[in-house]
Each structure stands twice: as C-alpha cells, then as structure tokens.
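Here the structure is laid out as structure tokens; the discussion comes afterwards.
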Amino acid sequence: MSVATATVATTVATTAAVVTSTPSTTLPWVFPGDQVERLNQTVNAAVYIGAMAWGLNTAVFCKAVYTLLRNGAHRWWLWLSLISALWVLSTVNIGCDIGSNTLVFIEYSHTQAFYHTTMQSTPVVVTSVITAIASLILTDAFLIFRCEMIWRCLYTSVPLGLFYVVSVACAITQCVVIARSNGSIWTGALLNGPFLVYIIIAGCLHVVITMLIFGRLMHYRWHMPNTVMLEFVKETMGVTSIIVESAIPYAVVSFVWMILSCIQNVGANVFVPLLVQIQGITAGMIITRMADYSAWSSSYLQSIVEKAQVSDDAFLPAKV
C-alpha cells in the first residue's frame with residue numbers, strides 16, 4: 001500500500017513539474033475574446049493587402065526607373081538611388097511579414113495571439129520593423145524636401161524639420177523596444193503606450209505635409225495667369241496631378257491608421273504593411289513626374305511666369 005502511495009505521489013510530483021516547466025501561452029495583457037480573434041484576422045489581412053500593394057509598388061518603381069533613364073533628369077542618380085532604396089526596403093519588409101505570418105500558422109497555429117504579442121523580438125520581425133522605419137525616414141524626408149521646393153519658406157520648413165526629427169526619434173525608440181523586450185507593433189492600437197505616441201506623431205506629420213502642399217498648389221491654381229492656364233492646367237492642376245503631388249493617399253492612410261489606433265481598434269493593423277508600400281509608391285510617382293519635367297518646382301513656376309510675360313509676387317513662392 002505504501003509503495004502504491006509513493007508511486008502516485010511521485011507521478012503527481014512529476015506531472016506538476018512538467019506543467020510548471022511548460023511555457024505559458026497566457027497573453028501578457030487582458031484582451032476581450034473578440035479582440036483576440038480580430039487581432040489574428042487583421043494581422044493576416046494586413047500581410048495579404050501589403051503583398052498586393054507591393055505589386056503596384058513594383059510597377060511604379062519600374063516606371064520611375066525607365067523615365068529617369070530615358071529623360072536623364074537633373075540629379076537622376078540621386079532620385080534613382082532613393083526609389084531603389086525604398087523598393088528594396090518595401091520588398092524586404094513584405095517578405096519578412098509573409099515569413100512571420102507563415103510561421104504563425106505553421107508553428108503557432110493554436111497560439112497566434114500569443115505569438116503576435118510576445119514573440120516579436122525574433123530576427124524576422126525586427127528586420128520588418130527596421131525596414132519600415134527606414135522607409136518612413138526616407139519618404140518623409142523626401143516629402144519635406146518637396147514641400148520646401150514649393151513653399152521656399154523657413155516658417156514651414158523649420159517646424160516640419162523639428163516635427164520630422166521627433167517622429168524619427170519615436171520610430172527608433174519603437175524599434176529598440178521591440179528588439180529588446182516583448183513589445184509588439186501589432187498591439188499598438190490596443191495599448192496606450194509609446195507606440196500610440198509614435199503613431200499620432202507620424203500620422204499628424206503626414207497629414208500636415210499634405211495640407212501644406214495641397215494648400216500651396218491651390219494658391220498657385222487661383223493665381224495662375226489666364227494666358228497660360230489652358231497650356232499648363234492639364235499637366236499640373238488635373239485631379240491626378242494634385243493627388244500625386246500632395247501625397248494625398250499617403251496622408252489618408254496615415255490618418256485612418258492614426259484614428260483607428262486612438263480608438264483602440266485592431267483594424268489599424270491592416271494599414272501597417274500597406275503604409276510601407278504606399279511610401280514607395282508615393283515617392284516613385286512624384287519622381288516620375290519630376291523626370292517628365294511636369295512636377296511643381298521653383299524653376300517650373302518661373303518658366304510659367306516667363307511664358308506669361310508677367311511678374312506676379314503673389315504667384316511666385318516667397319523667399320524667406
């Protein structure tokens with residue numbers, strides 16, 4: 001009887017030890033049940049949407065490269081380097097996202113939410129975050145440069161530059177948090193933490209840049225001399241031209257991403273890989289217009305004024 005009792009006790013102790021040594025898959029934060037399921041769905045959908053956007057990004061990249069090499073635009077090598085870097089970053093980013101998403105379904109099929117919230121410091125995920133941040137740094141710098149080309153005003157350039165520095169600092173901080181801890185880019189919409197601060201700053205910066213460029217282009221539109229209106233309006237003031245030059249799709253996606261994150265909706269995850277692809281698309285389309293000599297610039301504005309044989313201080317950008 002004593003032997004049986006000892007055997008049972010040993011078995012119970014061994015079982016308890018095994019259970020204790022087994023890693024817990026309990027989520028580090030308390031999510032409602034529907035939010036956990038939606039988290040898995042939105043991450044999966046985000047990867048598919050990002051992959052489709054990558055196809056469009058690749059088409060825009062090829063078009064931009066062809067136009068630059070054909071026309072030999074001013075500083076074509078610089079713009080070619082920029083769009084090539086953005087395309088490589090977006091390709092690596094979506095590749096890492098696809099690999100990570102595949103790993104979730106193969107090795108973490110029953111604990112997907114656990115993987116998305118605590119297993120984000122793996123090399124493939126960190127690489128995805130780094131490429132996204134690098135793409136953001138290059139794209140925002142390019143758009144601020146375009147804004148400066150159109151405005152030529154320190155009152156807009158200096159605040160945007162400071163805003164940009166803060167955004168980059170927050171982005172790098174987010175990358176470090178994910179690499180060194182159990183942070184997750186996919187839970188930024190569910191937690192009022194540093195990720196939300198970064199999302200708000202980045203989203204506001206993109207919206208402000210678009211509003212400044214759009215407002216200035218509308219100013220030019222109303223002050224453009226009638227003698228050249230018909231000649232230039234289709235090239236520079238068509239709906240497509242305004243959308244491309246103002247980076248409106250980039251601002252709209254950033255704004256929706258920011259709003260969904262602020263209301264703690266996991267639907268914000270859908271826009272994370274998409275933003276990386278739109279960054280490459282936005283820069284590629286603007287550079288294509290620059291290579292075709294149809295993008296807004298100081299020299300382009302001056303040529304319009306010379307053709308009209310007028311000198312309108314209200315039309316030309318102010319030099320500050």
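Annotations for the structure displayed:
- Here the simple spin-label model places points 7 Å from the Cα toward Cβ, and for Ile172 and Val124 these points are separated by 2.9 nm.
- Note that the stretch 244-252 has calculated 3J(HN,Hα) couplings of 5, 5, 8, 6, 5, x, 4, 5, 5 Hz, one per residue in order, obtained from phi through the Karplus relation 6.51 cos²θ - 1.76 cosθ + 1.60 (θ = phi - 60°); glycine and proline are x.
- Among Glu148, Glu245, the ranking by other beta carbons within 10 Å of each residue's beta carbon, starting with the fewest, stands as Glu148, Glu245.
- Ranked by how many other beta carbons lie within 10 Å on average, peptides 252-260, 151-159, 124-132 from highest: 124-132, 252-260, 151-159
- Additional length obtainable on full extension of the chain from Ile106 to Met218, 0.36 nm per residue less Cα span: 35.1 nm
- Spin-label model distance (nm) - Tyr66 vs Met211, 7 Å beyond Cα toward Cβ: 3.8
Read-outs throughout are calculated quantities, based only on the coordinates presented, and are distinct from any laboratory measurement. Computed from a prediction, not measured in an experiment: that's the story for all the values here. Here Cβ is always computed from backbone atoms with ideal geometry, including for glycine, and neighbour counts include all displayed protein chains.
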